[in-house]
Amino acid sequence: MQTERSGIGAPDAAFPNMSEYILEMLNISKSFAGVEALKDVTLRCKPGLVYGLVGENGAGKSTLMKILAGAYRADAGEIVFKGQRRDQATTADIINSGISIIYQELALVPQMSVADNIFLGREPRHPLGILNLKQLYTRAGDLLARLGITLDLRLPVSELTIAQQQLVEIAKALSQNADLIVMDEPSAILAGDELDQLFSIIANLIEQGVTIIYISHRLEEVFRIADEVTVLKDGEVVAARPLAALDRPTLVELMVGRSLDEIFPQTQRERGELLLVAENIATDTILQDVSLEVYAGEILGIAGMVGSGRTELARALFGADALTSGHIKRIGKDDAAWSSPAQAIRAGLALVPEDRKRHGLFTALSVRINLTLPILSRLTRLGIVRRKAEERVVQAARERLSIVMSAPDQETQFLSGGNQQKVVLAKWLETAPDIIILDEPTRGVDVGAKFEIYKLMRQLNDRGIAIIMISSELPEIIGMSDRILVMNDGRVAGELTREEAGEARIIEMATRSERAHKPA
Amino acid sequence: MNSAAAFFKAKSEGRARAVFLRRNGPILMVYAFILLLVVIGITQSERFFTERNLANVARQSAFLGIVALGQMLVILTAGIDLSVGSLVKVSILVSAIVMNGESANVLPAILATLALGVIVGLIHGFLINELRIAPFIVTLASLVILRGIGLTISSSPVGKASREVMMFYVKKVGPVPIIALMFFALVIVTLLLLRYTVFGKYLYAIGGNTEVARLSGLPVKKTRYGVYVLCSLSAAVTGLLWLSRMGVGDPAIGDGIELQTITAVIIGGTSLFGGRASVLGTLGGVLLLGITANLLVMLGVNQFIQGLIQGVIIVAAVALYKQEGD
C-alpha cells in the first residue's frame with residue numbers, strides 16, 4: 001500500500017514553530033479491543049483555514065475527533081491546542097479552551113428556545129441565579145448577526161428546520177468563543193440550497209479567524225471549501241496536502257485502492273425470472289425517483305454512502321414507508337402490490353434490518369421465541385403453541401445456520417453479533433420468502449461468521465431466492481453482487497455489473513455531487 | 001450574506017407566538033371548561049355560588065394545588081414523585097405529635113415537618129442521582145415505606161393542633177381564605193422560577209434532553225436534588241395545612257394525592273416525558289378537578305361516578321394535547 005506523507009501532515013517534519021499551528025494532534029494511536037482504529041495519526045491546523053478530513057466509513061475520522069473532544073483517550077500521542085497540552089483534558093475543558101464540535105446528531109434541547117439553547121449552561125445572570133433575559137436575547141441576537149442570519153430567538157428549536165438547528169449549534173460554538181470548530185458530516189443533514197448557506201457561513205467564520213475542520217465523504221464539498229485535505233484510510237493518514245496539490249481522481253484513489261481481503265464464494269448462475277419491479281418510487285424521506293428490477297436467484301447490491309437513501313429504499317420496498325409516488329409490483333403471485341410490511345411478507349418479502357438490536361431482535365427474549373414469532377400461528381393447535389413443532393423449527397435453524405448457543409432458551413442478547421445475525425436470518429427464512437432484503441448483513445460480525453453468512457446467501461440464491469443487499473463495505477458489495485445499484489442523494493446514480501464495478505468507480509458515483517446542477 | 005439572512009428570516013420570523021398559542025390552546029380549553037362548570041353550578045344549584053362554598057372550593061384546590069406544583073416541577077425533569085401522598089400522611093402525624101396542642105410547640109412542629117420534607121427529598125435525589133434508580137421505582141418504594149411508617153406511628157388519630165393553627169384554616173382576607181392566597185402566591189413564585197431563574201431553565205433542559213444538559217456542563221445532579229426537595233417540601237407543607245383543617249394527626253389523610261396531582265399536571269398540559277410544563281395549565285387542572293368534585297356533590301351525583309368522570313377528563317385532555325401539540 002502506498003503511504004504518502006507530505007506538507008503539514010508529515011510527522012517527521014522539523015518541529016514547527018509553536019505559534020504557527022493552533023492545533024497539533026501528533027502521532028495519535030488508539031485501539032479498541034485489540035483492533036487498531038488509529039495508527040500514528042498526525043493532524044496540524046493553522047488558524048483561519050478550512051481543513052477537510054476525508055475517508056471511507058470506518059476510516060477513523062470520528063474516532064480522531066472524539067479523541068480531540070476528550071470523549072476518548074488516545075493510547076499514544078499528544079494533542080497541543082494553542083500551545084498547551086490537551087490530551088488529558090475532559091470534555092468540559094476542551095469546550096472551555098475553545099474547541100467546539102458539531103456532531104451529526106445535534107446536541108440541542110428541542111423544547112427550549114433558540115436563545116436558551118445557545119447559552120445553555122452559560123446563561124447571562126444576575127445575582128441569586130436570576131436570569132438576565134435582556135442580555136440573553138441581545139447576545140444571542142448579536143451572535144446570529146455575526147453569522148449573518150435571523151432566527152426568532154424565542155422559538156423552540158423543535159420548530160426549526162434541521163439546517164436552522166445546525167446554525168443554532170454554530171452560534172452556540174461561537175458563544176463559547178471557539179477558535180476551532182469541527183463539523184462532522186455537516187452536509188449529511190442538509191438539502192439543496194441549505195448547503196450554500198452553510199458554506200457562506202463558513203467563509204464568514206474564516207474571515208473572523210476561526211479554524212474549521214470539515215469532515216465529509218462528499219468530495220465536491222471538500223474541493224469547494226477546504227484549504228488543506230487530510231485523507232484517512234484504515235486508521236492511517238495516507239495523505240495531507242494543500243487542496244491545490246490534489247485532483248479528484250487522486251483523492252478517490254487515496255481514499256480506496258485496497259485489495260479484497262475477503263474470499264467470496266463464487267458460483268456461476270443464470271439469472272432467473274423477474275420477481276419484482278419498482279418504478280419511479282419516492283417516499284417522504286430522501287428517496288426520489290428510484291426504479292429497479294429484481295430477478296430470482298441473484299444478489300442485487302445497493303451501494304452508496306451513509307445517508308444516500310439505501311435504508312430508505314429498503315424500507316420503501318418492504319412497505320414500511322408509504323410511497324408518495326411510483327409503484328412496486330410483485331411479478332407472479334397475482335402481481336401483488338402492498339402498502340404494509342405484513343402485506344409485503346405475504347407477497348414473499350423479508351427484511352433483515354440494519355440495526356438488528358432495535359429492529360430485528362427481541363434481545364431480552366430467547367432464541368426460541370425470536371425464531372418462531374413470525375410463524376407462531378403455524379405452530380399452534382387451538383391457540384396453544386405446540387412445543388414439539390417449535391422445537392423442530394429451532395433445531396433445524398440451529399443446524400442449517402450453525403448457530404452457536406447454549407440452549408434454545410438463551411436470551412439473544414448474550415449471543416455474539418454473528419450468531420444474532422444468524423438468528424435474524426433464520427427467523428425470516430422460516431417465512432419462506434422469495435426476496436430477502438439484507439441491510440448491512442455483516443456489520444459488527446466477525447470474519448468467520450461473515451463467511452458463513454456469505455455462504456448462506458449463495459445457498460439461498462441456489463434455491464431461487466433473490467437477495468437485495470445493502471452494504472457500506474465495498475469489497476463485500478463487489479465480491480457478492482451480481483448487479484450493483486449506486487445510490488447518491490436519494491436517487492440511483494447508476495447501475496454496474498460485477499465486471500464493471502471497482503471501488504473507485506463506485507465511490508466516484510456515490511460521491512459525485514449533483515446538487516450544484518439541480519434546479520432550486 | 002444578505003441572501004442567507006433573507007432565507008432564514010422568511011422561514012422563522014414571527015412564529016414564536018403562533019407556536020405558543022398552538023401549544024397552549026388546549027389550556028384555554030381547560031379554562032373554558034371550568035367556566036362551563038361554573039355556569040352549570042350557578043344555574044343548577046343554589047348552594048354552589050355562595051361565598052361559603054366557593055371558599056371551600058378554593059381551599060380544597062389549594063390543598064391539591066400546592067403538591068401539584070411540586071409534582072409538576074419533578075415531571076418537567078422527566079421524573080415523577082409517587083411518594084407525595086404518603087409524605088403528606090407522615091407530615092400531618094409528625095406535626096400533630098410534636099405540636100401536641102401547645103402554642104409554644106408550633107414553630108418546632110413546623111420546622112420538624114419541613115426538615116422531614118427536605119430529608120425525604122434528599123434521599124430521593126441521592127437514589128436517583130447516585131444509584132441511578134428510576135424515579136418511578138424510587139418514589140414507589142418511598143410511597144410504601146412512608147405509608148408503613150405513618151401507620152406504624154398510629155392507626156388512629158394522634159396529637160393535636162394548637163388553637164392558632166386551627167384558626168389558620170378559617171382565616172380570610174376579605175372573602176378569600178388565607179390558604180387559597182398562599183396557593184396563589186406559590187403559583188406566582190413557580191411561574192417566576194420557571195421563567196426568570198437559571199434553576200428553572202435547567203429543569204427544562206434536563207427534562208428535554210438529559211444528555212445534552214450533561215454535555216453542556218449543567219449541574220444535573222444538583223438540580224435534581226433541588227427539584228425533589230422542593231416537591232417533598234410541597235407535600236410537607238400540605239401535611240401542615242391538613243393538620244390545621246383536621247385539628248388532629250389523622251392517619252387516613254394523604255392516600256391517593258399522588259395520583260390526583262399527576263392527573264392535574266397532565267390535564268394542565270405538562271408532558272410526562274419531560275421538557276414541557278405549564279404553571280397556569282396545572283392551576284387549571286387543579287381547579288377543574290376541584291370544581292368537578294364539588295359540583296358533583298352539590299348536584300347529588302353518586303360519588304363513585306366521580307372517579308369515572310375524572311378518568312374521562314384525563315383521557316379527553318391528553319387526546320386534546322395530542323391533537324394540538326404535534
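The values are calculated or read from the model by the stated rules, or taken from the named source; none is laboratory data. What you see is a predicted model; the values in this text were computed from it and never measured. Neighbour counts run over all protein chains shown; Cβ positions are idealised from the backbone, glycine included. Only protein heavy atoms, including side chains, enter the accessible area calculation; ligands, DNA and RNA are left aside. Shrake-Rupley method; radii C 1.70, N 1.55, O 1.52, S 1.80 Å.
Charged neighbours of B:VAL237, selected by a Cβ distance under 15 Å, balance to +2 (K, R count +1; D, E count -1).
Normalised by the number of residues in region A:125-234, the mean separation of alpha-carbon contacts (under 8 Å, six or more apart) gives a relative contact order of 23 percent.
Temperature 37 °C, viscosity 0.692 mPa s: under these conditions the Stokes-Einstein estimate for chain A, based on its Kirkwood radius over C-alpha pairs, is 129 µm² per second. In percent, rounded to a whole number, the relative contact order of chain A is 15, using alpha-carbon pairs under 8 Å and six or more apart.
Of all stretches in chain B that contain no GluC sites (Glu not before Pro) in a DSSP loop with at most 15 other Cβ atoms within 10 Å, the longest one is B:131-326. Summing Lys and Arg as +1 and Asp and Glu as -1 over all other residues whose Cβ lies under 13 Å from the Cβ of A:VAL394 gives a net charge of +4.
Candidate cross-link partners of B:LYS171 among the aspartates and glutamates, defined by an alpha-carbon separation under 13 Å and a same-chain spacing of 8 or more, are absent. Taking 32 Å as the limit for the C-alpha separation, the pairs A:LYS39/A:LYS82; A:LYS30/B:LYS201; A:LYS46/B:LYS222; A:LYS61/B:LYS322; A:LYS61/A:LYS82 exceed it in the case of A:LYS30/B:LYS201; A:LYS46/B:LYS222; A:LYS61/B:LYS322. Highest mobility in the GNM of chain B, judged by mean-square fluctuation with C-alpha springs under 10 Å and restricted to B:LEU272, B:LEU69, B:LEU127, is found for B:LEU127.
Charged neighbours of A:GLN104, selected by a Cβ distance under 12 Å, balance to -3 (K, R count +1; D, E count -1). Using a probe of 1.4 Å on the protein chains alone, the accessible area found for A:ASP196 is around 80 Å².
Database remark: amide H of A:GLU440 closer than 5 angstrom to the amide H of A:ILE470, A:SER471 (H placed geometrically; neighbours at sequence offset of 5 or more, or on other chains; Pro and chain starts carry no H). Comparing A:GLN111, A:LEU144, A:LEU133 along the charge dipole axis of region A:107-176, the residue lying farthest to the positive side is A:LEU133, per the Cβ-charge model.
When chain A is described by a simple charge dipole with +1 on each Lys and Arg Cβ and -1 on each Asp and Glu Cβ, the residue from A:LEU373, A:SER291, A:VAL222 located farthest towards its positive end is A:LEU373.
Ranking B:PHE126, B:LEU203, B:GLY285 by how far each Cα lies toward the positive end of the dipole of the protein assembly as shown (charges on Cβ) leaves B:GLY285 at the top. Straight-line cross-link partners of B:LYS89 among the lysines, defined as a Cα under 21 Å from its Cα and at least 8 positions apart when in the same chain: B:LYS160.
Across peptide A:118-124, how many C-beta atoms of other chains are within 10 Å of each residue C-beta, on average? If you average over the peptide's residues, the count of other-chain Cβ atoms is 5. Out of the total accessible area of region A:274-517 (probe 1.4 Å, heavy atoms of protein only), what percent is carbon and sulfur? Carbon plus sulfur share of accessible area: 51 percent. What are the trypsin sites (Lys or Arg not before Pro) within region B:52-94 that DSSP puts in a loop, where the Cβ has at most 16 other Cβ atoms within 10 Å? For trypsin sites (Lys or Arg not before Pro) across region B:52-94 that sit outside H, G, I, E and B with at most 16 neighbouring Cβ atoms in 10 Å, the list is empty.
Taking every protein chain into account, the accessible area of chain A amounts to 41 square angstrom per residue (probe 1.4 Å).
Based on C-alpha pairs under 8 angstrom that are at least 6 apart in sequence, chain B has a relative contact order of 34 percent.
Solvent-accessible surface of chain B, taken per residue with a 1.4 Å probe and all protein chains present: 45 Å². For A:LYS422, a cut-off of 21 angstrom between C-alpha atoms picks up these lysines, skipping any fewer than 8 places away in its own chain: A:LYS357, A:LYS450, A:LYS455. Rolled with a 1.4 Å probe across the full set of protein chains, the surface gives A:HIS327 an accessible area near 90 Å².
Within the assembled protein chains, the solvent-accessible surface assigned to A:LEU190 is about 10 Å², based on a 1.4 Å probe. A simple charge model with +1 on the Cβ of Lys and Arg, -1 on the Cβ of Asp and Glu and nothing else charged puts the dipole of chain B at about 740 debye relative to its Cα centre. Taking the DSSP bridge list for the protein assembly as shown and keeping only pairs wholly inside it, about 60 percent are antiparallel.
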